[in-house]
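A short write-up of the structure that comes next.
Bear in mind that the values in this text are calculations on the coordinates, not laboratory data. Predicted, not measured: the structure shown is a model, and the values here were computed from it. With ideal geometry, Cβ positions are generated from the backbone for all residues, glycine too; neighbour counts draw on all protein chains shown.
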Amino acid sequence: MWITCGKKIDTAATVGRTIRGDAVTSLLSGALGGATMVTSGENIGLIQLTGVRSRYVTALTGVLLAIAAFFAPIGRLVNSLPGPVIGGTAAIAFAMIVASGIGMFERVDMRDDGVLITATAALTAGLPPILTPGLYQSFPADLRLLLGSGVTMSALVGMLVHLLFARISARPPYDGSPTER
């Protein structure tokens, strides 16, 4: 979290507040006919690139964008941007996210088999929806929604494998006795 705000914060409290904030924002957005809102990872790359970490700058930018939405010439200007410009900007933002993610791995002991298997399983679970987009097309809609997102699948599999290893490591080692464990 130091990367995004420039200071040490209490992640236990902050993560919960962030999730609740996303939930409230998504509920309000849905009630007003908009799409759900998601805390965006692109911000990490932009924060590192610009060095601007103030939430007030973010809030002011949001207000300015909301005001700009009511002016048609601004909408036409944004709409006139060529696809390659938008694509190039997105590629840079996503590359910054990947670089930040790789940097986070330096704080994890990848020599630990459990950690390595968890990371591998999570990354592998996220690949099928990306590499084979129509893979889940014949599945029911609700299941397609879950399985068709690489991020969702990676997160779910990563959490499940992590919990599995946490449960296994919490057990006392098997001593070969016939008693039930």
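Quick notes on this structure:
- The chain: equivalent-ellipsoid semi-axes (sqrt of 5 x gyration tensor eigenvalues, Cα, Å): 38, 22, 18
- Each principal axis of the stretch 75-166 carries a Cα extent, and these read 53, 38, 20 Å when sorted largest first.
- On Cα atoms only, tilt of 83-104 relative to the major axis of the chain in degrees: 30 degrees
- Helical contribution to [θ] at 222 nm, DSSP H n ≥ 4, -39,500 (n - 2.57), averaged over the chain, rounded to 500: -22000 deg cm²/dmol
- In plain terms, the chain from Ala69 to Val108 could stretch by 9.7 nm, reckoned as 0.36 nm per residue minus the Cα-Cα distance.
- Between Thr50 and Ala31, the distance separating the two model label sites (each 7 Å from Cα on the Cα→Cβ line) works out to 2.9 nm.
- Placing dummy labels 7 Å off each Cα toward the beta-carbon, the span from Ala155 to Thr120 is 2.5 nm.
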